[in-house]
Each structure stands twice: as C-alpha cells, then as structure tokens.
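Each remark here refers to the structure printed beneath this line.
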Amino acid sequence: MKQILSVLKRPISLFAFSCIVSFATLLLYNIPFFSYVADNHNDSFTGRLFLLVSIAVIMLVLNFVMTCVVMFLLRMVGRIVLALLSLINATAVYFVFTYSVMIDATTIENVFNTRYSEASGFFSWHLWLFIIVFGALPALFCLLQPVIFGKVRKMLIWCGSALAIGLVIAIINFNQTLWISQHDTELGGLLQPWSYLVNTCRIISFQHDEQAEEIKLPDGKLMDNQKTVVVLVIGESARKANFQLYGYGRDTNPLLSKQEGLKVYEATSCATYTTAGTKAILEPKSSDELYELLPNYAFRTGVDVSWRTSNWGEPPIHIDEYLTDEQLSEQYPDEKSDNDGILLKGIRERIVSSPKNKVLIVLHTSTSHGPKYVDKYPKEFEVYQPVARNVEEGEKHIDRLINAYDNTIRYTDFLLDSIINTLRGLEGWNSAMLFVSDHGESLGENKVFMHGLPMKLAPKVQYEIPFIVWTSKGFRDYKTELPAVIEQHYVFHSVLNLLSIQSPAYNKDFDIFKTPQP
Ligand SMILES: [Zn+2]
C-alpha cells in the first residue's frame, strides 16, 4: 500500500498521464465494443484484425486528446470530470455486460425518466463491487496523481500529431464506412464514454423541442347523451407471448378466458420503451410532434376524464383529475397500496357519481415492470414457483424469472377481469374496457433482458403486445375487416367512437368498431 502511495506521489508528465487514462478507458470500458466488431464483421481474419487495430488506435488517439485538453484547460475541474466519467463508464459497462443493453438515446431517455424506486431494483452488490473496482479506483487515480502540465505549445504538438495519426488510419479504413453506417446504433451504443455523452446531448436537445405546446386538434363534439364509460388500461412491459389468450402454454389468464364477449387482437407497439409506447397509445397518428392527446382532447370536448397511475413517462396530461397510486392510497388507507389493485379502488362509485354522461378512465399501470417482477403482485398471485427474488437469481435461473413474470400476467388477468365485472354491473350504462401494453419485454432470450432496444434490432417479444377489448352487450359492433396485425394508434380513434365524439381528427380506418349510423 505504501509503495502504491509513493508511486502516486511521484509526478508524471501530462503526456504520460493522458496515455494511461486513454489505455485504461480502452481496456476497462470498451471490451464489449471490440467483441461486437469481432463478432459482426465477416471479413477474413487478417481483415478483421486490421480493422480492430485501426479502431483501437483511433480510440486511443481520441481519448488521449480529450484527456490532454480537459486536464490542461480545466486542471482540478478536469480531474473531477475524468473521475466522474470513470464512475459512469463502469456503471454503463456493467449494464452492457449484465443486461445486453446498448447505451443509445433510448436508454439514456429511460434513465432520465426512471424514478429512484424503480431504478433501485437494479442495484445489487455485484453492481457496487464492479463500480468500486472499475470506477472508483481509476477515479482516485485521476483525482490524486500529481501531473506536470508543461507548456501549451508542447501540448498542442502532442494532440496535433495524435490527431494526424488517427486521421491517416481513418482514411486507410475508408472502405469500412458502409459497414460502420450499417452498425452505427450498436457501435455508438457500446463506445464508452462517447455513447452516453453524445446521446445525453441528443436527448437534452430533443426534450427542449418537446417543451413546445401540444398541437391542438380541431374541435370535436359529443353526438348523444347516452351514459357511456370507457376504461383504458395501459399495460407496462406486458408481452403477448405470455398471455394464455394468445396461446401461451400456461394458464396465465384463468379469469379472462372465461369472460364472454372478449376480443383479442394481434398487435404491435410503435416503440420498445414507455414514453414512446404510451404516447403512441394516446395520440391520433405516429408523429415526432406532440399532438393533443386522447385524455386532453376528450376532456376539452366535455368528457369526464380521470387518470390513475402507478407509472410515469406519459406525455403531458391536462385534465382536472390526475391521481397517483400514493394519492389513491391516502384516499383509501384500508386498501393494500403497493400493487396496482389500488388503481381500481372506488372505481364504480367514481363512475356512477360522475356529473357527466361520458366518462373516460385511464389506468396507467406498472404491473409487469422489471427487473424485480416478484415485487409487482400480491403474495396470493405467486402461482408459478420458485420465483427469482432478485436480479442475480433471475440471470442465473431464467425459469425463475419467467415464473415471476408470469405471476404478473396472472395478476393482470385478475385486474382486467375485475374491471369488466364492475362495468358489467353498471345499469343503464354502455361500457367498454381496452387493455393495450406500451411495449413487450425480453426475458433472457439470447441473453437479452427488459426492453428498450431500437426497433430495427428489437426481438419480437419486445414489440408484440396484447390488445384486448371488452364491450357491454349491444354497445358497438366490431369491424370484421381489419389488418391482421393492428397497432397502438387504433386506441385513439376507437375510443372517440365509443365516446360518440365526432371530430375531424377521427380516422375510421384506425377504428376497430363500426361507426354507428345516426
Ligand atoms: Zn414501459
């Protein structure tokens, strides 16, 4: 220990310091990047080796120049920046290794939109150990190692020569441009620290754009006074493959499979993460713009709208009644509040006491959110056993992870069945329930977990979603001619139809129901 400390006390040149940081960044944090290149390039062995060496040199050059410049210009602040990057690099690589994620724009957006309570599901002693060894120790080196900075001219010569070498190698490899552009998402997502630095900037500029007001839809109007209630349930990470209703081998839907008048559609989500999936369920059409959302539009048209949520990440909702699970458990202190059952509490009274004839209730659930599926359902729904109690157990025993996940689907089955039974019991009301998931989920297939891969890479399970509909007798007729697979924008237009909202924004091609004749 004393020897290590005495080595740390010996000052080294900025050149040597930058070389050490640059090599360490390559070796400690970029192994997944190089193994991706090695696995996915189908050149000859020598061709691949040449590419790998070339990329390594360019990476060393860039890291060297960054370290040199940051340290020279910012001094102590520069050290802190490098130390922080070590910590984040270590965390990022841990997630790349453990969950096969890529640190792309989607992942960064998910990180920004995740609450501590959900993120804490990922924390494990593996993670902390990894961060200490591969993050904190390098960070200490960056903070404590004495450095002789030298003259600015010298620094510029080093950086200039390094960049020149990098440029020459890049030109020699110019014929690889096509391959790189075909794999840009993956390569960018595995390259540390650039993956999260570049993507964080992209997300910040994107969110800045999103601050813009939503684009108002043309006014609509209610066409009748018939008492009507629609309950829209937005599922979280519920994948079609594990629903008995879609042919899964397990009895995960014992209640719904007995329900009469249930319609089960083949459907895909528009994205593989919550913010985009939820937006697609609520907006009239696929768009980078923010159009007026279903609850906002229905509310402005005169519908009584209530939003109940145990989730987050939805686009801005502008209605009078927005209730979180915490607020609901304050309202109903007797109800067990740590599962999504709390969202259903008092729902019948809420409907029948409405001052309006048209009611829309949106439940934004979190029932199948990972990675700790075991926390998402009450004990009595633990039908499939044994279950993975934590992340490590789930990685080692995929069957236990699937057991826990299937229990969340079993619980979803119960919740949807309860809603339908409540609606069926309402006298004098037309009623409907729609259940659509925001996206699917990976459960260890090809060592991929969770969700959030870019659509062009995502496995089917991340975007094949359940789309389940129930209506009361004689309310609306279902269309017989629909595409074999429908998508999330069908929700907006079908719900306008159910609520008898006539609107120029309505598109009958995206409605699962026949339009009623006036
Ligand atoms: Zn989600």
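Read-outs throughout are calculated quantities, based only on the coordinates presented, and are distinct from any laboratory measurement. The structure displayed is predicted, hence computed values, not measured ones. Methodologically, a virtual Cβ is constructed for each residue, glycine included, from the backbone with ideal geometry; neighbour enumeration extends over all protein chains shown.
Peptides 75-85, 408-418 ranked from most to least packed, by the mean per-residue count of other Cβ atoms within 10 Å: 408-418, 75-85.
Placing pseudo-labels 7 Å out from each Cα toward the beta carbon at ASP509 and PHE123 gives an inter-label distance of 5.0 nm.
Modelled spin labels at LEU73 and LYS379, positioned 7 Å past Cα toward Cβ, are 5.9 nm from each other. Segment GLU260..PHE23, full-extension length gain: 78.9 nm, with 0.36 nm per residue of separation and the alpha-carbon distance subtracted. Only helices reaching 20 angstrom along their own axis (Cα) with mean Kyte-Doolittle hydropathy no lower than 0.5 count here, and for the DSSP H runs of the chain these are 14-29, 45-74, 76-99, 152-172. Binning all Cα-Cα separations of the stretch 409-483 at 5 Å, short to long from zero, yields these whole-percent fractions: 3, 13, 18, 16, 14, 14, 10, 8, 4, 1, 0. Summarising the amide proton neighbourhood of LEU323: residues at separation of 5 or more, or on other chains, whose placed amide H is nearer than 5 Å comprise TRP307, ARG308, THR309. In terms of its alpha-carbon gyration tensor, the stretch 382-511 comes out oblate; a/c meets the 1.5 threshold, while b/c is at least as large as a/b. Among THR228, THR177, THR274, the ranking by other beta carbons within 10 Å of each residue's beta carbon, starting with the fewest, stands as THR177, THR228, THR274. The calculated FRET efficiency for the pair SER100 and ARG153, based on their C-beta separation and a Förster distance of 51 Å, comes to about 0.65.
Backbone phi angles across the stretch 305-312, fed through the Karplus curve with coefficients 6.51, -1.76 and 1.60 (θ = phi - 60°), yield HN-Hα couplings of 10, 10, 10, 10, 9, 10, 10, 7 Hz in residue order; Gly and Pro are listed as x. Here TRP470, TRP179, TRP128 are placed in order of increasing Cβ neighbour count within 10 Å, fewest first, which gives TRP128, TRP179, TRP470. Distances between placed amide hydrogens fall under 5 Å for SER442 paired with MET450, HIS451, all partners being 5 or more residues away or on another chain. Residue ranges 136-142, 372-378 sort as 372-378, 136-142 when ordered by packing (mean number of other C-beta atoms within 10 Å per residue, highest first).
On a per residue basis, the convex hull of the C-alpha atoms belonging to the chain measures out at 188 Å³. Taking other Cβ atoms within 10 Å as a rough exposure proxy, ILE204, ILE420 sort from fewest to most as ILE204, ILE420. In terms of its C-alpha gyration tensor, the stretch 251-365 has a rounded overall shape, because the principal axis ratio a/c (a ≥ b ≥ c, square roots of the eigenvalues) stays below 1.5. One decimal place: the segment GLU335-ILE204 gains 43.2 nm when fully extended, by the rule 0.36 nm per residue minus the C-alpha distance. Which values of log₁₀ I(q)/I(0), to two decimal places, follow from the Debye formula for the stretch 191-289 at q = 0.17, 0.18 Å⁻¹ with a uniform point scatterer at every Cα? With no solvent term, the Cα-only Debye profile gives -1.05, -1.10. The label point for PHE34 and the one for ASP320, both projected 7 Å from the Cα toward the Cβ, are 6.4 nm apart.
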